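Below you'll find the structure, written out as structure tokens, and then a few comments.
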Amino acid sequence: MNTEPIRFDTKIAVLLRADLEPWQRLNVTSFLVSGLGTEVPEVIGEPYEDADGVPYLPMFRQPVMVFEATKEVLATAHARALSRALPRALFTSDLFATGNDRDNRAAVRAVPTADLDLVGLAVYGPRNAVDKVVKGARMHP
């Protein structure tokens, strides 16, 4: 068995607005990362199995780095992710008032890009590009 550390040339990052309540941080993070696996299948590893042969779903193949930032830094990160055409998922404050995927999509579609009230952003891509996107944010405590 290979015991050398695995180094990834890609990064998964979640950026959360710093003023969110704890339950909102968890909810937003869960929704954001769910989008990455559907569009970027290489982020998903192999299925798991315990010693008794019970199977479990596969998860991300690499760590998810979680950051927090001000509303302004989050808006800048969003613009950077768009300019680099990185795979991304977003969560706006409007989504806290909806209760299903259809209404979530409608709430996002109703707002121009520059006016989105972002509370969360997930980004995947080359490590250096993602680092540039989240520049100005800090690791979530």
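Evaluated at q = 0.13, 0.16, 0.20, 0.21 Å⁻¹, the base-10 log of the normalised Debye intensity for the chain, with identical point scatterers placed on the Cα atoms, takes the values -0.60, -0.86, -1.24, -1.33. Here the relative contact order of the chain, from alpha carbon pairs under 8 Å that lie six or more residues apart, stands at 38 percent.
Contour minus end-to-end for ILE44 and MET139, with contour as 0.36 nm per residue of separation and end-to-end as the Cα-Cα distance?
Length difference between fully extended and current span is 31.9 nm.
Where does each of LYS135, LYS11, LYS71 land when they are ordered by accessible area, with a 1.4 Å probe and the largest first?
LYS135, LYS71, LYS11
Extension gain for the segment VAL108 to ALA51, taken as residue separation times 0.36 nm less the Cα-Cα distance, is 16.1 nm to one decimal.
Report the gain in length on full extension from LYS132 to ARG7: 0.36 nm times residue separation, minus Cα-Cα distance, nm rounded to one decimal. Walk me through the numbers on the way to the answer.
On the way: separation 125, 0.36 × 125 = 45.00 nm, distance 1.88 nm.
My answer for the length gained is 43.1 nm.
Spin-label model, SER30/ASN100: points 7 Å from Cα along the beta carbon direction are separated by 1.9 nm.
If we sort 44-50, 23-29 on the protection proxy, mean other Cβ atoms within 10 Å, highest first, what's the order? List each step's numbers first, then the result.
Working: 44-50: 10.4, 23-29: 17.1.
So the peptides 44-50, 23-29, ranked by packing, come out 23-29, 44-50.
Model label points for MET59 and ASP19, set 7 angstrom from Cα along the Cα-to-Cβ axis, are 3.3 nm apart.
The values are calculated or read from the model by the stated rules, or taken from the named source; none is laboratory data. Note that the structure is predicted; figures quoted are calculated from it, not measured. Positions of Cβ are generated from backbone atoms using ideal geometry, with glycine treated the same way; all protein chains shown enter the neighbour counts. These accessible areas exclude ligands, DNA and RNA; they are computed on the full protein's heavy atoms, side chains included. Shrake-Rupley method; radii C 1.70, N 1.55, O 1.52, S 1.80 Å.
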